[in-house]
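Worksheet: one structure, shown below.
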Amino acid sequence: MDHVLPNVEWLAGKVEDVQLLLVEPDSDLPSREDVLRLKRIHELHGNTYTVHLPTLKAVDGEKRRHSVETLARVIDLTRPADPLGWTLHVGPSPVAPDTDVERWHEWAVTSVLDLGQLTGVLPHHLRVENLYAADLAPLRRVVSASGCQLCLDVGHVVMARGRPLDAARDHLPVTGHIHLHGVTDRDHRSVAHFPDLSGFLALLEATRFDGVLTMEVFGKEDFESSLEAYARAAREVTT
Ligand SMILES: [Zn+2]
């Protein structure tokens, strides 16, 4: 967590919401003191937080229960920083070969509901995130059955050669969080590489999207180039 706090302090005055990446429960977890420092940064700068949780396992038995408990521990730890929501991947992917989609669906829904019950977090503050374009339909079923929301990663849609604007049109009504990034030699590159950024922002405006938009890029250079590209595209939308 030592590497996270300086980053949060640097970002706090520059963005409205900071996503905390806590995907490795054995090494990433903040201490109670760290979380109180995050809360103080929020009080000073007014920024909010969203939390990226470890993967929720849609499998049977003890492994699934253990996974739910692990995520619940991260939620309980971070709650004093008052996050707007918690994002998670459901693994294995519903579109992986040999996946029995009906059993996957049942386990995924049960896990999301168990996580809500164990922590007292309302389902719509939990967001299931796509890793591909093709897993949006099965995740959408989980959203419908559990009352959670979608975290729509439009960069992952691009990565999977899908159509990000179509995905947004289809799924924005149940989306509480958007991950935006460009794809070049790999994903999570500057938003400047995102196709039709101004068209995408116009769609968010037209549909009055009021969730969280995270530019999910790593490194100062990609972050600064993303801010510039975003501002340029936003100007195109308003003129
Ligand atoms: Zn993402």
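For the chain, the Kirkwood hydrodynamic radius from C-alpha pairs, put into Stokes-Einstein at 37 °C and a viscosity of 0.692 mPa s, yields a diffusion coefficient of 180 µm² per second.
The mean sequence separation of alpha-carbon pairs under 8 Å and at least six residues apart, normalised by the residue count of the stretch 1-129, gives a relative contact order of 25 percent.
As a proxy for reagent exposure, THR214, THR48, THR239, THR207 were ordered by neighbouring Cβ count within 10 angstrom, fewest first; the result is THR239, THR207, THR48, THR214. The distance from the alpha carbon centre of the stretch 164-239 to that of the stretch 116-138 is 20 Å, rounded to a whole number. The residues ASP76, ASP28, when put in order of fewest to most other Cβ atoms within 10 Å, stand as ASP76, ASP28.
For the chain, leaving out every one of the trypsin sites (Lys or Arg not before Pro) that falls in a DSSP loop and has at most 13 other Cβ atoms within 10 Å, the longest unbroken run is 15-160. Under 5 Å between amide hydrogens, built in the peptide plane, is the criterion, and for VAL212 it picks out HIS177, ILE178 among residues at least 5 positions away or on other chains. The relative contact order of the stretch 146-239 comes to 27 percent, based on Cα pairs under 8 Å that sit 6 or more residues apart.
When DSSP beta bridges are limited to those with both residues in the stretch 138-239, what percentage is antiparallel, rounded to the nearest 5? Antiparallel bridges: around 10 percent, rounded to the nearest 5. Here the residues GLU129, GLU221, GLU62, ranked from fewest to most Cβ neighbours within 10 Å of their Cβ, fall in the order GLU62, GLU221, GLU129.
Partner lysines whose Cα lies under 21 Å from the Cα of LYS14, excluding those fewer than 8 positions away in the same chain, are identified as LYS39, LYS220.
Less than 19 Å from a label point 7 Å out along the Cα-to-Cβ axis of LEU44: which backbone N atoms in the stretch 71-99 qualify, by residue? The answer is 80-83, whose backbone nitrogens lie closer than 19 Å to the label point.
We did not get these values from a lab; they are worked out from the coordinates using the rules stated. Everything quoted here is computed from the prediction, not taken from an experiment. So basically every Cβ, Gly included, is an ideal-geometry build from the backbone, and we count neighbours across all protein chains shown.
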